[in-house]
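Enquirer: Right, I'll just put the structure down here and ask away after.
No lab work stands behind these numbers, since they all come straight from the coordinates. Just so we're clear, the structure is a prediction, and the values are computed from it rather than from any experiment. All Cβ positions, glycine included, derive from the backbone under ideal geometry; neighbour counts span all protein chains shown.
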Amino acid sequence: MGVLIRRSEDPDLYKEAYEEAQRIIRISDEIRISVETVEKEAEIISENEEPSGDKLTSSKLAQKLGVKTNELIEQLVKSGYLEARDGKNYITTKGKDAGGEFRMSPKHGPYFLWPEAFRP
């Protein structure tokens, strides 16, 4: 359903209707932007949470152990939980047996999960 308002017949009504239409468009854009922002924040929060209950990402585990992430990764490679090949790290059978998991995030790329009580 529509309403026909001619500028030549009623300029004041036309101006008010035009301004109201612009306000509605502006508000709908603001709502869309705020909804997109909330969704992005929710994605970040869900990725920062522990994805498998009692498991931590390598960076969270390193933080818990009080070391840098790179140092932890080096310890995991030296201990045989990870294997360095072609400049990338791969989880080994020993790493899987210890409860480690490989995951791929579409946003942040590959990462490893380790049990919260895991110590290399």
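Enquirer: Note down the nm distance, to one decimal, between modelled labels 7 Å out along Cα→Cβ at Tyr90 and at Met1.
Expert: 6.7
Enquirer: Put +1 on the Cβ of each Lys and Arg and -1 on the Cβ of each Asp and Glu in the range 55-115; which of Gly99, Tyr81, Gly109 then has its Cα farthest toward the positive end of the dipole?
Expert: Value: Gly109.
Enquirer: Further question on the same structure: Sorted by average packing, counted as other Cβ atoms within 10 angstrom per residue and highest first, what order do 85-92, 61-68, 109-116 take?
Expert: Highest-to-lowest ranking by the protection proxy: 109-116, 61-68, 85-92.
Enquirer: Which stretch or stretches of the range 59-81 have amide N atoms under 15 Å from the point lying 7 Å from Arg103's Cα along the Cα→Cβ direction?
Expert: 59-62
Enquirer: The range 55-115: percent of C-alpha pairs farther apart than 19 Å?
Expert: Tail of P(r) above 19 Å: 22 percent of Cα pairs.
Enquirer: Going 7 Å from the Cα of Glu74 in the Cα-to-Cβ direction, what parts of the range 106-120 have a backbone nitrogen less than 16 Å from that spot?
Expert: Counting backbone N atoms under 16 Å from the label point, the list is 120.
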